[in-house]
Amino acid sequence: MALLLVPLARDAAFVGIGLLVAQQLLGDGAATVASVHEVTLRQSRVAPAVRGRANAAKRLLDTIAMLAGALAGGAVGEALGLRWALGLAGIVPLGAALGLGCTTARHAGSM
């Protein structure tokens with residue numbers, strides 16, 4: 001959600017700089033919390049014998065997703081403009097998280 005602050009920073013004025021700093025602080029803080037939860041979940045659910053492979057597979061998928069996202073972002077930026085591409089960069093993960101949250105809430109009792 002912090003990425004939604006980037007398209008709002010229109011220039012290098014005080015407000016724009018404040019929005020970019022806020023995005024960095026909120027985004028880095030949220031990424032740290034998410035990373036801790038992700039690793040904890042993986043360590044608790046994956047057998048110790050295959051944890052290394054699970055970590056490697058996750059890193060590979062992350063790298064592929066970043067490459068696909070960079071290509072898609074470039075295409076969207078070229079077609080619709082950079083401000084729209086930056087807006088979508090914040091909205092798409094938010095929509096995915098909301099969808100995943102709704103799915104997880106329904107099946108939380110099965111864990």
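Could you tell me which numbered condition Glu38 fails, if it satisfies all but one of (1) over 21 Å from Leu4 (Cβ atoms); (2) more than 14 Å from the chain's Cα centre (by Cα)?
Condition not satisfied by Glu38: (2).
Given the condition in a helix (DSSP H, G or I) and over 24 Å from Met1 (Cβ atoms), answer yes or no: does some residue in the range 23-30 qualify? Walk me through it before giving the result.
The initial filter retains those residues of the range 23-30 that are in a helix (DSSP H, G or I), namely 23-30.
Those left that are additionally over 24 Å from Met1 (Cβ atoms): none.
Scanning the range 23-30 turns up no residue that is in a helix (DSSP H, G or I) and over 24 Å from Met1 (Cβ atoms).
Here is a list of conditions, (1) within 20 Å of Met1 (Cα to Cα); (2) in contact (Cβ under 8 Å) with a residue 12 or more places away in the chain, and Ala72 meets all of them except one; can you say which number that is?
Going through the list (1) within 20 Å of Met1 (Cα to Cα); (2) in contact (Cβ under 8 Å) with a residue 12 or more places away in the chain, Ala72 breaks only (2).
Matching residues to (1) assigned to a helix (DSSP H, G or I); (2) in contact with a Phe, Trp or Tyr (Cβ under 9 Å, 6 or more places away or on another chain); (3) small (Gly, Ala, Ser); (4) modelled with pLDDT under 90:
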{"residue": "Asp11", "(1), (2), (3), (4)": "no, no, no, yes"}
{"residue": "Ser35", "(1), (2), (3), (4)": "yes, no, yes, no"}
{"residue": "Glu38", "(1), (2), (3), (4)": "yes, no, no, no"}
{"residue": "Leu41", "(1), (2), (3), (4)": "yes, no, no, no"}
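Taking only pairs six or more apart or across chains, which ones have beta-carbon atoms under 6 Å, a first residue in the range 14-38 that is polar (S, T, N, Q), and a second residue that is in a helix (DSSP H, G or I)?
Sorted first by the residue in the range 14-38, then by its partner, the pairs are Gln23/Ala2; Gln23/Leu5.
Of the residues Leu3, Leu26, Leu8, Leu61, which is exposed (fewer than 12 other Cβ atoms within 10 Å of the Cβ) and within 22 Å of Leu98 (Cβ to Cβ)?
On the way: Leu3 fails: exposed (fewer than 12 other Cβ atoms within 10 Å of the Cβ); Leu26 fails: exposed (fewer than 12 other Cβ atoms within 10 Å of the Cβ); Leu8 fails: exposed (fewer than 12 other Cβ atoms within 10 Å of the Cβ).
Criteria check complete, one pass: Leu61.
The values are calculated or read from the model by the stated rules, or taken from the named source; none is laboratory data. This structure is a prediction, so every number in the text was calculated from the model and none was measured. Methodologically, a virtual Cβ is constructed for each residue, glycine included, from the backbone with ideal geometry; neighbour enumeration extends over all protein chains shown.
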